[in-house]
Structures are given as C-alpha cells and as structure tokens.
Amino acid sequence: MYKHTGSRGSGAPSWVLQRISGLLLVVVVIGHYFVMHADPASGHTYAAVLERMHHPFWKMFDLTFITVGLWHGLNGTWGIFRDYEMKPAVNLTIYGIIILSGIAFWVLGVNTILSF
Amino acid sequence: MAYQLPKGQAKLPDGWLRTNLGYYKHGGSWAWILHRITGLGLTAYIYVHIYALTTLTQGEKAFDDEMKLFTTPVFKVLEWLLFSLVLFHAFNGVRIVLVDWANGARYHKQILKVVYALGIVLFIGMGVLMFMTPLKTMVASLK
C-alpha cells in the first residue's frame, strides 16, 4: 500500500516552507554578505554591532534570520538523510541530533542577540 | 542523447559508490549533487558562525580580538570562497522553485546556465569589494 494517501504527514508543509524560506534567504544571505563586506568595519567591530543592536529592527531581523536560516539548513539536512534507507534506531538518532543541536545553537544565537 | 556507459564503470565494485558514480550525469544531476553538498556545507557554517559570534557577550575586547583573526588574509579568502557556496545554492534554489512552481521543467537547462553565469559575476564582484581596498593599500605602500 501507499505510505501516504493524503498530504498529512507526508512532509508537504515542510516542502513548501523550505521553498518559501529559501526564497527569503536568497535575498537576505546575499545582502548580509554585501553589507558585512562593503565596509569591513560594519561586520567586524564591536562598536558597529553595538550600534546595530540598539535598533529593534536589526534585533528582530537577526532573530528572524537565525531562526529561518537554521530551520532551512536543518530541514534540508534531514531531507537528504530521508533519501537513504535507515534502520529505525539510526533514523531516530540522526533526527534527534538534528533537533537537539538545532535547538541548542538557536538558543546560543538568540542569547547572543538578546544580550544587548 | 543516447545513453552512455561512463568509462571505467566495470571496474567499480558493487555498492554505494557504484550506484552513485556509475550512471551518466547531465548538468542537472551535477546541480542536484552540488546543491546537497553546498547545503550541508552552509549548515555546518551557520553552526560555526553562531558559535564564533558568542564572543559578543564577553565584551568589546574579546570580540575585537577575535575579529583580528577573522580579518587576516587567509580568513578573508576563505570567506570569499564560502560565498561561492552561497551563490550556487541560492540561485540553484531559485531554479528548483521555478521548476516546481513556474513550469521551469521546460527551461531548467537554460536557468542552470544563468545560475552559473550570475554566480561567477557576483563572486568576482564580491572579490573586488573585499580585496580592492587592501590591494590598493598594498600597491601604494610599494611605491
């Protein structure tokens, strides 16, 4: 029988979100690169970061960036692993590592942003 | 195009490598492989990036000292090379969206050419942006 007969549980929502978050990241990551390197000081001095972090806009921007970026990367990684046949225990272990490390690094990044 | 067996296929042992290396790959197959490799690379990088920036919580000196290392020529070149992963993954990602949502299957080969062309142009542009000023200073100091 078919594994999935509807869209529920098939991974379709994450498939759509992967594309939407990807389109967002195309603009944001390339923009981030140009902003950080057009003037080396803007990305590489404490003073410049402090100045940006005083604006709620940039704080929200970075919080969104880190959330969308991590989710897109880890959802993609999980998508690659799902292409391979794995024993349930291995499957669960990899999924666990992805989820737990993702949460840990999200907390780490959010903590850095909110420390200002 | 007629199906071609790649040279040396018979020499490949059975298993994962043979399954993955032993079939003819069109441009789109390479794009698929590159998209995965660059994606994994960028995901690994975002972890390193988040960890590296935690020095921001330790004050100005800790961060600026760390940035002295990251603004050395070796790290700048590495950051520039990383941009090639960003560019390929970003533009090929747009190509995937076009294939899925905009009838891109009819012109995905042409989009792939645009992906590479746009990537190369922006990669060179970023190189100019990152290295023009230090190169000018270097040349000026030689005079």
Task: Whichever aspartates and glutamates have a C-alpha closer than 19 Å to that of B:Lys109, once near sequence neighbours (fewer than 8 apart) are set aside - done: B:Asp100
Open item on the list: Rg/Rh for the protein assembly as shown to two decimals, with Rh computed the Kirkwood way over all alpha-carbon pairs.
Closed with: 1.01
- [ ] For an R0 of 45 angstrom, estimate the FRET efficiency from the Cβ-Cβ distance between B:Thr57 and B:Ile120 and round to the nearest 0.05.
- [x] 0.70
Task: Average beta-carbon neighbours from other chains, 10 Å sphere, peptide B:43-51 - done: 6
- [ ] Enumerate the whole-percent occupancy of each 10 Å bin, from 0 to the last occupied one, for all C-alpha pair distances of the stretch A:14-114.
- [x] 13, 36, 31, 14, 5, 0
Open item on the list: Please list, short to long, the whole-number percent of alpha-carbon pairs of chain B in consecutive 5 angstrom bins beginning at zero.
Closed with: 2, 8, 12, 13, 14, 14, 12, 9, 7, 5, 3, 1, 0
Open item on the list: Nearest 500 deg cm²/dmol is fine: what mean residue ellipticity at 222 nm does the protein assembly as shown get from its DSSP H runs of n ≥ 4 alone, each adding -39,500 (n - 2.57), divided by its residue count?
Closed with: -26500 deg cm²/dmol
Open item on the list: Suppose the chain between B:His49 and B:Lys143 were pulled fully straight at 0.36 nm per residue; how much longer would it get relative to their current alpha carbon spacing?
Closed with: 30.0 nm
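Once R0 is set to 25 Å, what does the formula 1/(1 + (r/R0)^6) return for the Cβ-Cβ distance between B:Trp30 and A:Ala38, expressed as a FRET efficiency to the nearest 0.05? Before the final figure, lay out the partial values.
Working: r = 32 Å, r/R0 = 1.28.
Computed FRET efficiency for B:Trp30 and A:Ala38: 0.20.
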Open item on the list: For a protection proxy built on the mean count of beta-carbon atoms within 10 angstrom, sort A:78-88, A:100-110 highest first, please.
Closed with: A:100-110, A:78-88
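Each value in this text was obtained by applying a stated rule to the coordinates, not by laboratory testing. Because the structure is a prediction, the values reported are computed rather than measured. No Cβ is skipped: glycine too gets one built from the backbone with ideal geometry, and neighbour counts run over all protein chains shown.
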